[in-house]
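Below: the structure, in structure tokens.
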Amino acid sequence: MKNTLLVVTAMVLVSIVSVGGSLVLADDFPSQNINYVIPFGPGGESDITARHQQAFFKKMYGHDMIISYKPGGGGAVGWAQLNKMKGDGYNIMGINLPHIILQPAEKDVGFTTEDITGVYMFHYTPDAIVVAKDSEFKTLEDLVAYAKENPAKVTFSGSGKGTSNHLAQLRFDKMAGIKTTYVAFKGTGAAVAALLGNQVAAEWGYTSVGASQAESVRMLAVAMDKRHPKFPDVPTFKELGYDLVSGAFRGIAVPKSTPEEIRVKVSDIIGKINADPEFRALLENDGMALLDVDYKGYPAFIAEQSKVMLEAAREANIIK
Amino acid sequence: MPGIEHLLAALTPINILLALSGVVAGTVIGSLPGLTATMAVAVLVPITFSMDPTAALIMMGAIYTGAIYGGAYSAILLNTPGTPSAIATTFDGFPMARKGQGDLAITLACIASVTGGLVGATFLLMLAPPLAEIALAFGPVEYFWLAMFGLTLISALSEGNILRGLIGACFGLLLASIGIAEISADVRFTFGSQVLLGGIETVTALIGLYCIPVLIDLVATPDRHLKVTHKPRGFRFLEALGLAWKTKFSLLRSSVVGTIVGILPGAGGSIAGLVAYSEARRTSKNRDNFGKGEPEGVLATESANNATVGGGFIPTLVLGIPGTPPDAVILGALLVQGIRTGPSLFTEKASIVFTFIYGLYLATCLMLPVGLVIGRYAYQTIVTVPKALLVPTVAFMTLIGTYAIRNSISDMMIMVVLGVIGWTLNRFGFSPSPIVLGLILGRIAEQGFVQAWTIGAATGELWKMFFGRPISLVILAFILLSVFYPLIRSRFRKTTGEAGNVE
Amino acid sequence: MSNNQPNELQRDTATIVISSLFIILAVGSLWDTTHMLDPDSYVFPRAIAIAMIVFSIALIVRHLIKPRKIPEPAQADVSTLRRVSLVAVMLASCLAMPWLGFLIPGIATFLLLMWIAMWDEWTATRLIVYPLVAVAIVLGFYTLFGNILQVPLPLGTLFE
């Protein structure tokens, strides 16, 4: 008991020193608004999830989450500056996988995967092959068969390069023994517009596309372990014989200078929002899959994902 | 008119109040360089959670409309577009202000913005679902040609100086590719610098290239910033209205251009203004006066950029694909409110949609009195404030405004450095506008080109991709018209015996 | 102050110098693209850089063959010193902000620029009123951005 008290006192002292003067008491955290930086522009999946979290945070804690956008370099601009922000728990930033793993592995982008102190991974959007409702491809087999006969002729739109979409395309091509063409667009919105406008034959998108564009698209397969609860009719790649489970994972990080105790608090807050049944229903309805990796579980999670994603990227020749 | 029964729902006192305060706040925010409509709307989102969805939408729409108009103030009075949408407003607005016609320019901008806003809202009300198809019909190649069309303005902006204009545009295009590439994710032209990884932010560059040179020249001489030729003459509303009436077709065409460009998710207000300006100039009787303080130039851009507000909502509401960044924020707020966009929105949630559209009309109409009053005040302030206060205020505004875009101190330094480069180049005949055109259109042109090339090469129809699509051909025709029309015209003049003004 | 009104010859030299700088820049860019592996990344910038070299050479050639004069508005009473000071103060302010936060360099910049931009006499009233106005404007903007628009303005590492 005494020891615990000592540790706590020490921690509090350390936290006071490390944030320098501005007294942060973990007990009443959060006692003010939290700045939530999205390293992308508005309208993407990260933004929309943040907006949902914002509403629930307000309801639960009475303070605001102030969302600001810091787009640039596919998120790298924001992450490169994460550790320069004040580490008091009131500054948090969205993080995305595979971005924070692949970007630093490819080149010097101003941060490394280890620089990022993730405190919670809250959901992921599984990759999926999406086609327009009137497409001739009714099943995944149709598409694979066509692609076999017409190498490189099937065009896929997707969000950016070195992203989950891109990686999935490269991996699937290899698994199915086909060659398709990946056309990178700026964000999911632009990739979907290209699909709906028949500029491309299909899209490597996310399950969230299937949800938001339910009236105009069809998903051929989703890269999940099990079928998505919202789309019970859409098979997984696994069922169809391709061992592809992938997607874009999203979470929250804090600056490195954030004291241990506050990190846990932030993790708890996000976890509590994530546990809210209403919140879960909302996100699942948007086509996302929830995930609960807290601060404690983050290092192991990132290590495992790094292994998988780096290997996939290496095989796909994205990185050396 | 569809959904007319919802007009009354929009006209509740509380909605009128919200629209009014939204327009005022938006106008002020838009007039400050660096503060964008996106930011203003984003800050507001949490407040709207506890509001009725329609009231929230009306307020966000009003802020957005106001901000796009407010951008004209600094464009006219300080040669600095307050929002990127107002870039082309500087071309004639600032020369007008220098000649002492700043008050007239602001009133013109107000009338044009209201007209454009109303036209945009009308298209949104009447034809949203079919028009949304335009957003989809525009593929990579069309964006590429649209950017090229924008670049043809260089010849207009650098008459007798085309080589310099082209070099400037190339410089801008290279500046645009600095940093981590948006789609290929490669690091380009950073030469090892961390600071440049995020690239040159467009608004940062606008403030630097346009505003810093003005400041540098302001401190150098004791002359007044703007010439004062007359005693304050009120709003000069009737005079402005008369000018607008004289160019009513150009005004309407610019509004339609603005609406259509607004529908395109990859374009936006700046391009709408540039395209409308280019077309207005080509067809105008006063074309030689463009760039020297031609009222029609201000009318064209300001009507076009405000028309993008209504236009941008078309794909946002019908397809769930945001037309502009502020639309993206509003879309997010809608999703949180539990409203799912899509073709059925107009039938299933008709009351929300139509109340919102009428709210947009309301906000646009309120912009007339609000805009005139704030505009007059802004003009009086800029004209009367002593130089020793004007310069530091504007300088401080550029610094804090640039910082606010991405919360970045390096961006402020980039802004000042670009300003010095812009000033130096301008002294030797390289005007900043082609550089800005290159910067803004560069990303769109590059993405469109690369995507079109990839698709074309994959399907084995490269030639058809670039030259075989109907919309592309139409844009291509306009490009050729813009480039060769001056030549044809001067030749025609010569043969008819008139004195042609060949360089 | 010989460079304030460049004569014809100087102007041509300047154009040639600037064009040459642009060529160097373009060549540098071309060199940089050789590190890129993805054609998506290099096709466009290479095309632009080559175009820039061509245009710049054309401009130089034109000026060598047929010097032109571009009229420059004559300006009396021009102070280069003030111009340089303005830029220097603004840059210094940016450099100071990571350490001193936004407010102090902000006010200092404002006051210095006020002094630089002052062409009238410093009367007693102005000496009192202007600095007060300066502080009011800076504080006003600071509140607008920092508190109302919630922009996280830098606080400065020195005060932490």
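Which number do you get for Rg(Cα) / (2.2 N^0.38 Å) in the protein assembly as shown?
Working it through for the protein assembly as shown, the quotient is 0.92.
Grab the DSSP H runs of the protein assembly as shown that are 4 residues or longer, score each as -39,500 (n - 2.57), total them, divide by all residues and round the 222 nm result to the nearest 500 deg cm²/dmol.
-20500 deg cm²/dmol
How do A:Glu284, B:Glu142 rank when sorted from fewest to most other Cβ atoms within 10 Å of their own Cβ?
The fewest-first ordering by Cβ neighbours comes to A:Glu284, B:Glu142.
Taking every pair of distinct Cα atoms and averaging 1/r, then inverting, what Kirkwood hydrodynamic radius in Å comes out for the range B:4-493?
Roughly 22.5 Å, rounded to one decimal.
Fewest Cβ neighbours within 10 Å first, please rank B:Thr316, C:Thr34 accordingly.
Going from sparsest to densest Cβ surroundings: C:Thr34, B:Thr316.
What's the ranking of A:82-91, C:95-104, A:236-245, B:60-69 by average number of surrounding C-beta atoms within 10 Å, highest first?
B:60-69, A:82-91, C:95-104, A:236-245
Percent antiparallel among DSSP beta bridges with both residues in the protein assembly as shown, to the nearest 5?
Bridges in the protein assembly as shown are about 60 percent antiparallel.
In the calculated pair distance distribution of the range C:80-159, what percentage of Cα-Cα distances lie above 20 Å?
41 percent
Averaged over every viewing direction, what's the projected area of the C-alpha convex hull for chain C? Give it in nm², one decimal, please.
Result: 15.9 nm².
Would you order C:Val17, B:Val219 from fewest to most other beta-carbon atoms within 10 Å of each residue's own beta-carbon?
Least crowded to most crowded, the residues run C:Val17, B:Val219.
How large is the Rg to Rh ratio of the range A:126-222 when both quantities use alpha carbon positions and Rh follows Kirkwood?
Reported Rg/Rh, Kirkwood definition of Rh: 0.92.
Short version: what are the Cα gyration tensor semi-axes of the range B:344-503, square root of 5 times each eigenvalue, largest first, in whole Å?
37, 32, 25
Report, in cubic angstrom per residue, the convex hull volume of the C-alpha atoms of the range B:184-268.
Given the Cα convex hull of the range B:184-268, per-residue volume reads 186 Å³.
Laboratory data are not the source of any read-out in this text; all were calculated from the coordinates shown. If you're wondering where the values come from, they're calculated on a predicted model, not measured in any experiment. Neighbour counts run over all protein chains shown; Cβ positions are idealised from the backbone, glycine included.
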